[in-house]
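J.: One structure, as structure tokens, below. Some questions next.
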Amino acid sequence: MRKRDHFIGLWLDDTEYRRLLKQCGQSGLSISALIRHVIVGIEIRPHPPEEYAALLRELSAIGNNINQLAYWANARGSVSEEEIQKAAELAREAWLKVKETL
């Protein structure tokens, strides 16, 4: 059963249709979804590149490692120079990954 009860047909010229398809391609939305978003006032933004998902996983893993170092330092009451260097290197890796994607 359909969730929506009303159908609206729409005629477009070639220029309008190409622009609509371009916006769908950039946003990753279907034509129907894009039109519904516009009607309710949702800002249409470009779909993020596929590399962003991998980047977010990497950043999450790096953040988890830094949190583990912080936990160990807090539990022991101190942190070694080597552990500080490791945390700094993880932060540098995160920065480089972000910079590569921009």
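J.: Looking at (1) in contact with an Asp or Glu (Cβ under 6 Å, 6 or more places away or on another chain); (2) on the phi > 0 side of the Ramachandran plot, can you tell me which one LEU69 breaks?
T.: Tallying (1) in contact with an Asp or Glu (Cβ under 6 Å, 6 or more places away or on another chain); (2) on the phi > 0 side of the Ramachandran plot, LEU69 fails exactly one: (2).
J.: In the range 35-46, what count of residues is obtained for those that are farther than 15 Å from LEU20 by Cα and open to solvent by less than 100 Å² (accessible area, probe 1.4 Å)?
T.: Qualifying residue count, the range 35-46: 2.
J.: Which members of the range 47-102 meet the condition of being closer than 30 Å to CYS24 by Cβ, surrounded by 11 or more Cβ atoms within 10 Å (Cβ to Cβ), out of contact with any Leu (no Cβ under 6 Å at 6 or more places or on another chain) and not hydroxyl-bearing (Ser, Thr, Tyr)?
T.: Correct list: HIS47, PRO48, GLU51, ALA54, LEU55, LEU56, GLU58, LEU59, VAL98.
J.: Please count how many residues of the range 28-55 are without any contact (Cβ under 8 Å) to a residue 40 or more places away in the chain and either assigned to a loop (DSSP other than H, G, I, E, B) or over 20 Å from ARG4 (Cβ atoms) (or both). Step through it out loud before you land on a result.
T.: Filtering the range 28-55 down to residues without any contact (Cβ under 8 Å) to a residue 40 or more places away in the chain leaves 28-48, 50, 53-54.
Subsequent filtering for residues that are either assigned to a loop (DSSP other than H, G, I, E, B) or over 20 Å from ARG4 (Cβ atoms) (or both) retains 28-30, 41-48, 50, 53-54.
The number of residues fulfilling the criteria is 14.
J.: Any idea how many residues of the range 55-80 are closer than 13 Å to ALA91 by Cα, of a type in the set (D, E, K, R) and out of contact with any helix residue (DSSP H, G or I) (no Cβ under 6 Å at 6 or more places or on another chain)?
T.: 0
J.: Kindly list the number of the only condition in (1) at pLDDT below 80; (2) assigned to a helix (DSSP H, G or I) that fails for GLN85.
T.: Status for GLN85: all satisfied but (1).
J.: Can you find, within the range 11-34, the residue that is nearest to LEU90 (Cα to Cα) among those that are open to solvent by less than 60 Å² (accessible area, probe 1.4 Å) and not small (Gly, Ala, Ser)?
T.: LEU29
The values are calculated or read from the model by the stated rules, or taken from the named source; none is laboratory data. If you're wondering where the values come from, they're calculated on a predicted model, not measured in any experiment. Every residue, glycine as well, gets a Cβ built from its backbone with ideal geometry; the counts of neighbours run over all protein chains shown. We work out accessible area using only protein heavy atoms, side chains counted, and drop any ligands, DNA or RNA first. Shrake-Rupley method; radii C 1.70, N 1.55, O 1.52, S 1.80 Å.
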